[in-house]
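Worksheet: the structure to be examined is printed underneath.
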Amino acid sequence: MNRRDLLRAVAAVPLAHAALPSAAFAQTYPARNITMIVPFPAGGQADLAARPVAMALERILGKAVIVDNRAGGGGGSVGNAAAARAEPDGYTLLMTLSSLAVLPEADRLFDRPVAYEVSQFMPIARVLADPTLLAVPASAPWKTAQDFVEDAKKRPGQITYGSSGPYGTLHVAMEMFANSAGIKLLHVPFRGAGPALTAILSGTVQAIAAAPGTLKPQVDDGKLRVLGNCGARRIASFPDVPTFQELGYKDVEMYIWAGLFAQSALPAPIASRLREAMAQVMASPDVLKAFDTSGSLVAYQDAPAFSQFVATDSARLIAAVKKIGKVE
């Protein structure tokens, strides 16, 4: 071997060794417990999605999948950022909502440091995708969305609504509706949909936009009334509730989807293992039953379709945030 060939061979050794850990690691993955960050408190859509999925992943992967409710920062930014910073080794996953793309844009809107970028994440699988619904206490005087709008026009800024935090999915949905209806509401942010739901049930706020699965038990118990649907079509769990587009609010279309993400630098073999596992999870009778019981139908997408969906939906949400502008 001449000197040139020797140098080439030596130079190739580090590259060969660099490729080994990823492949070897993927063959043994998972070797320990996995953490699934949910950037909201218990009781909201992300938590509703995470728990049945975590239980099913445990059975498939053979290791515990621990749901870590890491709320804070408004709209889920603290948990999202923690997941973005985690080691890309498959042991820290993120179950989050459609506000994932909105929050960095909100930071830029207010000239705040951006907590994370969407480009730091790799979509693994979409789990749920429900329209947000406008709900009020069953004891409230508003029987229809039109009743609500007419009262709000008489009392601008006096009707309160709760959300999961500034520029979270629920906040954007309500402001989208208010903007289209030409009304002014008073926003009261909480640390997640669960606390916002508690607030409306206790009378602290007078309205909320939330996912069907979050609202259905309370509606069935006669505690809440749903006035409108932000989706393009009516849904099976609330077939009598009209869409806002039916009511003439053509610009109102908002979905609260939940999906599983990892870090963008996750090795491809581990990403493939997680995608395979999620395909099994989303076909599991236990998972299907859990979501059906909650009123949220499975809306599974594998990574390629989910990536395209995130890009399209995020562009629409970012445009809505810019139209809403600076609101608290």
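Assorted remarks:
- Selected from ILE34, ILE124, ILE60 as most flexible by GNM, with the chain as the system and alpha-carbon contacts under 10 Å: ILE60
- Take the Cα radius of gyration of the chain and divide it by 2.2 N^0.38 Å, N being the number of residues; the result is 1.11.
- Within straight-line cross-link reach of LYS250, aspartates and glutamates at Cα separation under 16 Å, skipping those fewer than 8 residues along the same chain: GLU175
- Shape category assigned to the stretch 262-321 from the gyration tensor of Cα positions, a/c cut at 1.5: oblate
- In this rough spin-label picture, where each label sits 7 Å from Cα along the Cβ direction, the ASP251-GLN280 distance is 4.8 nm.
- Expressed to the nearest 5 percent, the antiparallel share of DSSP beta bridges inside the chain is 60 percent.
- Cβ-based net charge around GLN263, under 9 Å, with every Lys or Arg adding one and every Asp or Glu removing one: -1
- Residues of the chain: accessible area per residue with a 1.4 Å probe, Å²: 43
- In this calculation the C-beta distance from VAL114 to ALA265 is compared with R0 = 30 Å, giving a FRET efficiency of 0.95.
- By the Kirkwood approach, averaging reciprocal distances over each pair of separate Cα atoms, the stretch 176-328 gets a hydrodynamic radius of 18.0 Å.
- Full extension of the chain between ARG32 and LEU186 gives 50.8 nm of extra length, using 0.36 nm per residue less the Cα-Cα distance.
- Burial ranking of peptide ranges 127-137, 78-88 (average Cβ count within 10 Å, highest at the top): 127-137, 78-88
- The lysines whose alpha-carbon is closer than 28 Å to the alpha-carbon of LYS289, local same-chain residues fewer than 8 away aside, are LYS63, LYS216, LYS223.
- Whole-percent carbon and sulfur share, accessible surface of the chain, 1.4 Å: 56
- Annotation for LYS143 and ASP240: the two label points, set 7 Å from Cα along the Cα-Cβ direction, are 1.1 nm apart.
- Taking amide H atoms as placed 1.01 Å from N in the peptide plane, the amide H of ALA125 lies under 5 Å from those of LEU260, each 5 or more residues away in sequence or on another chain.
- Overall, the ratio between the Cα radius of gyration of the stretch 116-192 and 2.2 N^0.38 Å, rounded to two decimals, is 1.34.
The values are calculated or read from the model by the stated rules, or taken from the named source; none is laboratory data. Keep in mind that what you see is a predicted model, and the values were worked out from it rather than measured. We place every Cβ from the backbone using ideal geometry, glycine too, and count neighbours over all the protein chains shown. For accessibility, only protein heavy atoms count, side chains too; no ligands or nucleic acids. Shrake-Rupley method; radii C 1.70, N 1.55, O 1.52, S 1.80 Å.
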